[in-house]
1. How many residues does region 81-112 hold that are under 21 Å from Ile7 (Cα atoms) and buried (at least 20 other Cβ atoms within 10 Å of the Cβ)?
2. Quick one: in region 352-392, which of the residues that are of a type in the set (Gly, Ala, Ser) and within 20 Å of the chain's Cα centre (by Cα) is modelled with the lowest pLDDT?
3. Do we find that Glu108 is without any contact (Cβ under 8 Å) to a residue 24 or more places away in the chain and closer than 27 Å to Tyr189 by Cβ in this structure?
4. Go through region 52-76 and report how many residues are out of contact with any helix residue (DSSP H, G or I) (no Cβ under 8 Å at 6 or more places or on another chain) and either within 13 Å of Gly32 (Cβ to Cβ) or crowded, with 24+ Cβ neighbours inside 10 Å (or both).
5. When region 136-160 is examined, which residues are found to be closer than 19 Å to Ala93 by Cβ and buried (at least 22 other Cβ atoms within 10 Å of the Cβ)?
6. So, in region 34-56, how many residues would count as being outside any strand (DSSP E or B), closer than 13 Å to Thr21 by Cβ, free of Cβ contacts under 8 Å to residues at least 60 places away in the same chain and not aromatic (Phe, Trp, Tyr)?
7. Working only within region 338-357, note down all residues that are surrounded by fewer than 18 Cβ atoms within 10 Å (Cβ to Cβ) and over 30 Å from Ser394 (Cα atoms).
8. Filtering region 408-420 down to residues that are surrounded by fewer than 19 Cβ atoms within 10 Å (Cβ to Cβ) and without any contact (Cβ under 8 Å) to a residue 24 or more places away in the chain, which residue is nearest to Val371 (Cα to Cα)?
Amino acid sequence: MGGFFGIASARDCMADVFFGTDYHSHLGTRSGGMAAYDAEIGLQRKLHNIGNSPFRTKFEHIFDEMQGTSAIGCINDSTPQPLLIRSHLGAYAVCMIGAINNSEKLIEDYLSKSTDHFDAMTGGKVNYTELLAALINQKSNFVEGIKFAQDAIEGTASILILKQDGSIIAARDKLGRLPVLIGKREDGYSVSFESYAYQKLGFANERELGPGEIVEITSDGIRLLSPPLEKMKICAFLWAYYGYSTSSYEGVNVEVMRYRNGEIMARNDEEIEGLDYACGVPDSGTPHAIGYANASKVAFARPFIKYTPTWPRSFMTATQLDRNKVAKMKLIPVHDLIDGKKLLFVDDSIVRGTQLKETVDFLYDNGAKEVHMRSACPPIMYSCKYLNFSRATSDMDLIARRVIVELEGESGFNYIDEYRDSSTERGKALRRAICEKMHFASLEFQSLEGIIEAIGLDADKLCTYCWNGKE
């Protein structure tokens, strides 16, 4: 995944873009970058690997290195960006969020029609953003180039372009799978994935771009370059997991949705006799659990706390073994809330299940009597092919898929709708098998209908591909 942030201002905006970009750190862990425009210097760019250190520490000296009245920043899990490009369209900086799944074909097609080349990375791979720029540059202007690129890409591409005159072109992906929001302040405008990122900097909500909409932003205003399209498929998993709690997308706040989601789960759940506490798997499972506790009248508690001051990220160390150890070290038990207690935990989702099993074993090791698990979204049956929001690289990384194969082989994939439904025999078998693997006392998933109700948008405006495989 990834997130971006930009400002077009009448004054130097480097500090604000630094903080606005940093507020997207939950969306990416691999690379970060900033590009700026200054009337005297022109375009500038800095990139850093943030795999072992947060964005903020890598860019804390940016104010001494760059200046500008317009700037963009990007944090992501893919290739370094923004890039500086010079073409017949002029010099510009560009970044994107999303995924390009047909990159090899696009590269081959491009090279077969041109004597041009790409700057190859280790292993011969091409930076996705450089590929995007090559597609844009095939047309006579930015608008036509962006449309051409988005039509050619299998996946998703929301784009920011910082031009050599200081204006910013913002383009939301053509199905609106990801949000792009604009804020307004007396000295200019901002564009962001997360709305709170500009609100904290004094910008007020101006508007949200529609699917496929393209605008040009300057310190003086917003100019429509291409109108929004009618069809929208915004990612429903935004609200369940990777969107930040203080943000709103399409008018729906993430934290409020999660409370409502937990309430719906509790309303449809069977009562567990003698349950002591309803709890959330931190951090994103917590608001779902608060909603569950409020509706079920079961006391909310935090039986363990994550210690993050010295180990904020479990991915910082070099090997998977070390990462697993760090993940365990971060969990500090509150023994009085665990020992001899029946606990129900709500997690935002169950993807591969590896870390969640370790968490449950940790609870039993500390004296839990029973650990019941609830997932705030339906069983994930398909790896996302539009955003790459999870670390699952194939469908068989998903625990629900693996269990189906164990139960009846690959022919079971013909009955995914039944496996998703807890009222069917296949659905019950899936839940029993996962309970045995994960040591849960019981397991239930939010229904597809329940999560759509919690979001509150029309179902046809939501992408639910990871749950039902429907595009």
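1. First, pick out the residues of region 81-112 that are under 21 Å from Ile7 (Cα atoms): 81-85, 90-98.
Checking the rest, the ones that are also buried (at least 20 other Cβ atoms within 10 Å of the Cβ) come to 81-83, 85, 92-98.
Result for region 81-112: 11.
2. Within region 352-392, the first condition is being of a type in the set (Gly, Ala, Ser), and the residues that meet it are 353, 367-368, 375-376, 383, 390, 392.
Right, trim to within 20 Å of the chain's Cα centre (by Cα) and you get 353, 375-376, 383, 390, 392.
Working: Gly353: 85, Ser375: 97, Ala376: 97, Ser383: 91, Ser390: 56, Ala392: 52.
So the residue we want is Ala392.
3. On the way: without any contact (Cβ under 8 Å) to a residue 24 or more places away in the chain: yes; closer than 27 Å to Tyr189 by Cβ: no.
It is false that Glu108 is without any contact (Cβ under 8 Å) to a residue 24 or more places away in the chain and closer than 27 Å to Tyr189 by Cβ.
4. Matching residues across region 52-76 total 6.
5. Across region 136-160, the qualifying residues are Ile136, Phe142, Gly145, Ile146, Ala149, Gln150, Ala157, Ser158, Ile159, Leu160.
6. First pass over region 34-56, keeping only residues outside any strand (DSSP E or B): 39-41, 50-56.
Now restrict to residues that are closer than 13 Å to Thr21 by Cβ: 50, 54-56.
Next cut, free of Cβ contacts under 8 Å to residues at least 60 places away in the same chain only: 50, 55-56.
Now drop any that are not not aromatic (Phe, Trp, Tyr), which leaves 50, 56.
Of the residues in region 34-56, 2 are outside any strand (DSSP E or B), closer than 13 Å to Thr21 by Cβ, free of Cβ contacts under 8 Å to residues at least 60 places away in the same chain and not aromatic (Phe, Trp, Tyr).
7. Correct list: Asp339, Gly340, Lys342.
8. Of region 408-420, the ones surrounded by fewer than 19 Cβ atoms within 10 Å (Cβ to Cβ) are 408-411, 413-415, 417-418.
Adding the requirement that they be without any contact (Cβ under 8 Å) to a residue 24 or more places away in the chain leaves 408-411, 413-415, 418.
On the way: Glu408: 27, Gly409: 29, Glu410: 30, Ser411: 32, Phe413: 29, Asn414: 32, Tyr415: 29, Glu418: 26 Å.
It comes out as Glu418.
The values are calculated or read from the model by the stated rules, or taken from the named source; none is laboratory data. Everything quoted here is computed from the prediction, not taken from an experiment. With ideal geometry, Cβ positions are generated from the backbone for all residues, glycine too; neighbour counts draw on all protein chains shown.
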